[in-house]
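The values are calculated or read from the model by the stated rules, or taken from the named source; none is laboratory data. Everything quoted here is computed from the prediction, not taken from an experiment. Note that each Cβ is placed from the backbone with ideal geometry, even for glycine, and that neighbours are counted across all protein chains shown. Surface accessibility is based on the protein's heavy atoms, side chains included, excluding ligands, DNA and RNA. Shrake-Rupley method; radii C 1.70, N 1.55, O 1.52, S 1.80 Å.
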Amino acid sequence: MKLTVIGAGYVGLVTAACFAEMGNEVVCVDNNGARIDSLNRGEIPIHEPGLEPLVRNNLAEGRLRFTERLADAVDDTLVYFIAVGTPQGEDGSADLSHVLEVAKELGRVIRHRCIVADKSTVPVGTAEKVKATIQAELNRRGQKLDFEVVSNPEFLKEGDAVNDFMRPDRVIIGAESPWAIETLRELYAPFTRSHERILVMRPREAEMTKYAANAMLATRISFMNELAALCERLEVDVERVRIGIGADQRIGYAFIYPGCGYGGSCFPKDVRALIRTGEQVGVEPAILKAVDRRNEMQKRLLFEKVAARFGTDLSNRTFAVWGLAFKPGTDDMREAPSRVLIERLVRSGAKVQAYDPAAMPTAQTAFPGEWLSLGSVKLVPHQYDALANADALILVTEWKPFRHPDFSRMKALMKTPVIFDGRNQYDPDDLRAQGFEYHGIGRP
Ligand SMILES: NC(=O)c1ccc[n+]([C@@H]2O[C@H](COP(=O)([O-])OP(=O)(O)OC[C@H]3O[C@@H](n4cnc5c(N)ncnc54)[C@H](O)[C@@H]3O)[C@@H](O)[C@H]2O)c1
């Protein structure tokens, strides 16, 4: 099939590469010229395991092409995928300006019968807005043309995006017309051969399903973080409680890890967008507001623990930070808990020595330039370099190399052997036996 994917970010690039891998002819469009140039050289602008060989091979085989201009892609595309960002708007709602800009451009350039599939996460009713926007442009051109707008939300997770796309738990097709449904069924069939997991529903239901999934996962995390706060006061180790409840098949173990808060480009903004939707339609989003509030509190928790131990004036203190990405497996630092922590450390006068296996290039632009130039934040090339003369280590992201480090080497490097474990990775008794002072989340 001939496909065009608009947006070459985490979702668009993975979508384009995976469809090309299955033999489709794919054009991937992005209005970021520098990004397109680097992709055309076979350089991948994001860290995503397995993505680089897919992009390079399909570029070389001629099934994948990158361009800055949508007009270059239109000739006989059957399905256009919109995969541009929907960041948080000023009032918390999803900012649809990029999606509607793409819709407008599609209306200006399409010339054949086609399907427009929305992969971006968008509020209920957006497919109708996209359709109206395209139609208005077609009317302006005096062009009569048959096109369908469908909702095809994406559920991949950063860090495992290629696997998720290749073997999805489910593919949701939110469409009304049999032609659009059958076309997308055919397109996704190679990804769901071993297990028929294509779910067809109305576009509004598909749009809602995406928000519902993210809100449910965020709720589990915030719920567990609230339990952790209770446990800490009650001399209970939340890790035992986690194992105890996860064993219940009705609950399970996924997304019940207490920690220093969720971040990333999806959960925070999607929970807030759903809150805004609730307010707009007159439904009090009581649970969602609490989920968001608990997460904001949780992101401040590591700093509060540091301040309780070392005081609020942290000049002459140095802290090692392990993990900057919002989760392991990605270089994405959008809404990462590390940002909240580091900002508060720097503002309290501390020096930060930080390391992340993938997010070092992102970190170069994530922090104010003067923090880096004046040495308030030092980005170091190895995890152990961060520990040199540090008053404490703060573990923020649970990358695998941080899970079982050489504790005696760490102790020798640090000024004082204090660990703040923002992801409950370590055994408190074991660390205490090795002479560390241990502070976890929800552990007495
Ligand atoms: N990142 C994830 O894990 C994930 C997972 C599922 C769904 N989503 C959703 O998918 C959408 C995209 O997310 P992302 O993380 O890939 O975003 P991203 O910021 O990584 O990528 C978006 C890309 O779109 C490009 N773009 C913006 N406007 C454009 C335009 N008018 N024309 C062409 N290109 C344009 C940008 O230059 C950028 O490269 C969002 O709605 C997000 O909520 C993201």
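Determine the calculated [θ] at 222 nm for the chain from helices alone, applying -39500 (n - 2.57) to every DSSP H run no shorter than 4 residues and normalising by the residue count; nearest 500 deg cm²/dmol. Mind showing how you got there, number by number?
Details: 16 runs with 191 residues, N = 444.
Mean residue ellipticity at 222 nm (helix-derived): -13500 deg cm²/dmol.
Provide the percentage of antiparallel DSSP beta bridges, counting only those with both residues in the stretch 2-201; round to the nearest 5.
Details: 2 of 28 bridges.
Within the stretch 2-201, antiparallel bridges account for around 5 percent of the total.
Looking at the square roots a ≥ b ≥ c of the eigenvalues of the Cα gyration tensor of the stretch 2-201, which shape do they give, rounded for a/c under 1.5, prolate if a/b is larger than b/c, or oblate? Walk me through the numbers before you get to the answer.
On the way: a/c = 1.35, a/b = 1.21, b/c = 1.12.
Verdict is rounded for the stretch 2-201.
Using Cα pairs under 8 angstrom and six or more residues apart, how large is the relative contact order of the chain, in percent?
Values: 874 pairs, mean separation 53.7, N = 444.
Over the chain, the number comes to 12 percent.
Please list the radius of gyration and Dmax for the stretch 135-272, considering alpha-carbon atoms only, with Å as the unit.
Here Rg and the maximum Cα pair distance are 20.3, 72 Å.
Holding the Cα-Cα limit at 24 Å, pick out from 129/269; 157/400; 119/269; 119/327; 351/411; 157/378 the pairs that are longer than that.
Numbers: 129/269 20 Å; 157/400 17 Å; 119/269 16 Å; 119/327 22 Å; 351/411 19 Å; 157/378 29 Å.
Long pairs (Cα-Cα over 24 Å): 157/378.
Measure off, as a whole percent, the carbon and sulfur share of the 1.4 Å-probe accessible area of the chain, all protein chains present.
Working: 9750 of 19630 Å².
Summing carbon and sulfur atoms, their accessible area is 50 percent of the total for the chain.
Accessible area per residue of the chain at 1.4 Å probe, in Å²? Mind showing how you got there, number by number?
Values: 19630 Å² over 444 residues.
Result: 44 Å² of accessible area for each residue.
In nm, what is the difference between 0.36 nm times the number of residues separating residue 360 and residue 169 and their Cα-Cα distance? Working shown, then result.
On the way: separation 191, 0.36 × 191 = 68.76 nm, distance 3.15 nm.
65.6 nm is the gain from fully extending residue 360 to residue 169.
Which of these, 42, 369, 263, has the largest mean-square fluctuation under a Gaussian network model of the chain (Cα springs below 10 Å)?
Looking only at 42, 369, 263, the largest GNM fluctuation is found for 369.
Taking 0.36 nm per residue of sequence separation and subtracting the Cα-Cα distance, how much length would be gained by fully extending the chain between residue 433 and residue 304, in nm to one decimal?
Additional length available on full extension: 43.9 nm.
In cubic angstrom, how much convex hull volume per residue do the alpha carbon atoms of the stretch 284-357 span? Intermediate values should be presented prior to the final figure.
On the way: hull volume 7.6 nm³, N = 74.
Hull volume normalised by residue count: 103 Å³.
Compute the length gained on full extension between residue 40 and residue 109: take 0.36 nm times their separation in residues and subtract their Cα-Cα distance, giving the result in nm to one decimal. Kindly include the intermediate steps, with their values, before the conclusion.
Numbers: separation 69, 0.36 × 69 = 24.84 nm, distance 2.33 nm.
Between residue 40 and residue 109, full extension yields 22.5 nm more.
I want the local charge near residue 255. Using Cβ-Cβ distances under 12 Å, sum +1 for each Lys or Arg and -1 for each Asp or Glu among the other residues.
Values: positive: 157, 220, 242, 327; negative: none.
Here the charged neighbours net out to +4.
If I histogram all Cα-Cα distances within the stretch 230-439 using bins 5 Å wide from 0, what percent of pairs lands in each bin?
P(r) for the stretch 230-439, in whole percents per bin: 1, 7, 14, 18, 19, 17, 11, 7, 4, 2, 1, 0.
Could you check the simple spin-label distance between residue 61 and residue 415, using points 7 Å along Cα→Cβ, in nm with one decimal?
In this crude spin-label approximation the distance works out to 5.6 nm.
Measuring from a point 7 Å past the Cα of residue 186 along Cα-to-C-beta, which residues in the stretch 98-122 have an amide N at less than 17 Å?
What the label zone holds, given the 17 Å backbone N cut-off, is 112-117.
What residues of the stretch 124-160 lie in the reach of a label at residue 78, counting those whose backbone N is under 17 Å from a point 7 Å from the Cα along Cα→Cβ?
So the set is 146-150.
Using Cα centres only, tell me the gap between the stretch 204-225 and the stretch 322-393 in whole Å.
What the calculation gives is 29 Å, centre to centre.
Can you give the % of DSSP beta bridges in the chain that are antiparallel, to the nearest 5?
Numbers: 2 of 46 bridges.
Beta bridges within the chain, antiparallel portion: roughly 5 percent.
Is the shape of the stretch 44-158 best called rounded, prolate or oblate, per the rule: a/c under 1.5 gives rounded, else a/b larger than b/c gives prolate, else oblate, with a ≥ b ≥ c the square roots of the Cα gyration tensor eigenvalues?
On the way: a/c = 2.20, a/b = 1.21, b/c = 1.82.
Note, shape of the stretch 44-158 comes out oblate.
Can you give the relative contact order of the stretch 86-152 as a percent, counting alpha carbon pairs under 8 Å and 6+ residues apart? Could you put the intermediate results ahead of the total?
On the way: 79 pairs, mean separation 25.9, N = 67.
Taking the mean separation of contacting Cα pairs over the length of the stretch 86-152, I get 39 percent.
Would you mind giving the three semi-axes, in whole Å and largest first, of the ellipsoid equivalent to the chain according to its Cα gyration tensor?
Working: eigenvalues 363, 116, 80 Å².
After diagonalising the Cα gyration tensor, the semi-axes are 43, 24, 20 Å.
What's the FRET efficiency of residue 143 with residue 343 using the Cβ-Cβ distance as r and R₀ = 56 Å, to the nearest 0.05?
Values: r = 51 Å, r/R0 = 0.91.
Between residue 143 and residue 343 the formula returns 0.65.
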